[in-house]
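Chemist: If you scroll down you'll find the structure; I have some questions about it.
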């Protein structure tokens, strides 16, 4: 095919991080991924997600939109935006979990306000916990550009599970 492009994607063993997720606080788990002590999930390498900030009940990721993220009409595929929002909401909840607790998405509702493309420049996604109970949490995520213009907003419900408990 004419004008064909390609990418090479490299990732670490996801089993290492999965094992660590069960022994560390959620915040420590995320910090170790950010600091390169644990491999991030393979999809992080695939889409190019970057850790910007990790706090208690808050996380910020960035993403540089690329043409390999595009849908058929030449803008960022909505699934990439949804993945960004799901990751931010889920990691915001993960940041307040204790060792042995795992946050698992039950639902995700995404609202898209503007198209995203490479011309948009780097976007960031801010995830924040709204509420946490023993077994559930709600969180939101907002996708913003460098001028704080909003491109998408999502809400999510997550189950807090305790594998093996």
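Chemist: Can you pull out every residue in the stretch 117-138 that is within 14 Å of the chain's Cα centre (by Cα) and within 27 Å of residue 71 (Cα to Cα)?
Modeler: Answer for the stretch 117-138, where residues must be within 14 Å of the chain's Cα centre (by Cα) and within 27 Å of residue 71 (Cα to Cα): 123, 124, 125, 126, 127.
Chemist: Considering the stretch 17-43 alone, what residues qualify as being over 17 Å from residue 101 (Cα atoms) and either assigned to a loop (DSSP other than H, G, I, E, B) or touching a residue at least 60 places away in the same chain (Cβ under 8 Å) (or both)?
Modeler: 35, 36, 37, 38, 39, 40, 41
Chemist: Can you work out which of the residues in the stretch 143-153 that are under 14 Å from residue 63 (Cβ atoms) and touching a residue at least 24 places away in the same chain (Cβ under 8 Å) is farthest from the chain's Cα centre (by Cα)?
Modeler: Initially, the stretch 143-153 is screened for residues under 14 Å from residue 63 (Cβ atoms), giving 143-146, 151-152.
Narrowing further to those that are touching a residue at least 24 places away in the same chain (Cβ under 8 Å): 143, 145-146, 151-152.
Details: 143: 11, 145: 16, 146: 18, 151: 16, 152: 14 Å.
In this case the residue turns out to be 146.
Chemist: Here is a further query. What about residue 49, is it surrounded by 18 or more Cβ atoms within 10 Å (Cβ to Cβ) and under 13 Å from the mean Cα position of the chain (by Cα)?
Modeler: yes
Chemist: Hey, another quick one. Which condition does residue 83 not pass, out of (1) buried (at least 17 other Cβ atoms within 10 Å of the Cβ); (2) in contact with a strand residue (DSSP E or B) (Cβ under 8 Å, 6 or more places away or on another chain); (3) part of a helix (DSSP H, G or I), if it passes all the others?
Modeler: All conditions pass for residue 83, except number (2).
Chemist: Further, regarding this structure: Scan the stretch 119-130 and give yes if some residue there is farther than 15 Å from residue 152 by Cβ, out of contact with any helix residue (DSSP H, G or I) (no Cβ under 7 Å at 6 or more places or on another chain) and crowded, with 19+ Cβ neighbours inside 10 Å, otherwise no.
Modeler: no
Chemist: A further question on this structure: Just to verify a result, which residue in the stretch 33-42, among those that are touching a helix residue (DSSP H, G or I) at 6+ places or on another chain (Cβ under 7 Å) and surrounded by fewer than 18 Cβ atoms within 10 Å (Cβ to Cβ), is farthest from residue 128 (Cα to Cα)? Reasoning before the result, please.
Modeler: Step one: of the stretch 33-42, the residues touching a helix residue (DSSP H, G or I) at 6+ places or on another chain (Cβ under 7 Å) are 33, 38-42.
Those still in the list that are surrounded by fewer than 18 Cβ atoms within 10 Å (Cβ to Cβ) too: 41-42.
Details: 41: 20, 42: 23 Å.
It comes out as 42.
Chemist: Is it fair to say residue 100 is modelled with pLDDT under 95 and either closer than 18 Å to residue 30 by Cα or surrounded by 13 or more Cβ atoms within 10 Å (Cβ to Cβ) (or both)?
Modeler: Working: modelled with pLDDT under 95: yes; either closer than 18 Å to residue 30 by Cα or surrounded by 13 or more Cβ atoms within 10 Å (Cβ to Cβ) (or both): yes.
Yes, satisfied.
Chemist: Would you be able to say whether some residue in the stretch 9-16 is assigned to a helix (DSSP H, G or I) and surrounded by 11 or more Cβ atoms within 10 Å (Cβ to Cβ)? Step through it out loud before you land on a result.
Modeler: First, the residues of the stretch 9-16 that are assigned to a helix (DSSP H, G or I): 14-16.
Now drop any that are not surrounded by 11 or more Cβ atoms within 10 Å (Cβ to Cβ), which leaves 14, 16.
Taking every residue of the stretch 9-16 in turn, at least one turns out to be assigned to a helix (DSSP H, G or I) and surrounded by 11 or more Cβ atoms within 10 Å (Cβ to Cβ).
Chemist: For the stretch 103-116: of the residues being surrounded by 15 or more Cβ atoms within 10 Å (Cβ to Cβ) and either free of Cβ contacts under 8 Å to residues at least 40 places away in the same chain or not in a strand (DSSP E or B) (or both), which is nearest to the chain's Cα centre (by Cα)?
Modeler: To start, the set of residues in the stretch 103-116 that are surrounded by 15 or more Cβ atoms within 10 Å (Cβ to Cβ) comprises 103, 105, 108, 110, 112, 115-116.
Right, trim to either free of Cβ contacts under 8 Å to residues at least 40 places away in the same chain or not in a strand (DSSP E or B) (or both) and you get 115-116.
Numbers: 115: 19, 116: 17 Å.
Per the criteria, the residue is 116.
Chemist: Sticking with this structure for a sec: Give the stretch 56-77 a look and list any residue that's under 16 Å from the mean Cα position of the chain (by Cα), in a loop (DSSP other than H, G, I, E, B), touching a residue at least 24 places away in the same chain (Cβ under 8 Å) and surrounded by 14 or more Cβ atoms within 10 Å (Cβ to Cβ), or say none.
Modeler: Once the filter is applied, which keeps residues that are under 16 Å from the mean Cα position of the chain (by Cα), in a loop (DSSP other than H, G, I, E, B), touching a residue at least 24 places away in the same chain (Cβ under 8 Å) and surrounded by 14 or more Cβ atoms within 10 Å (Cβ to Cβ), the stretch 56-77 yields 57, 64, 65.
The values are calculated or read from the model by the stated rules, or taken from the named source; none is laboratory data. Since the model is a prediction, treat every value here as computed from it, not as a measurement. Note that each Cβ is placed from the backbone with ideal geometry, even for glycine, and that neighbours are counted across all protein chains shown.
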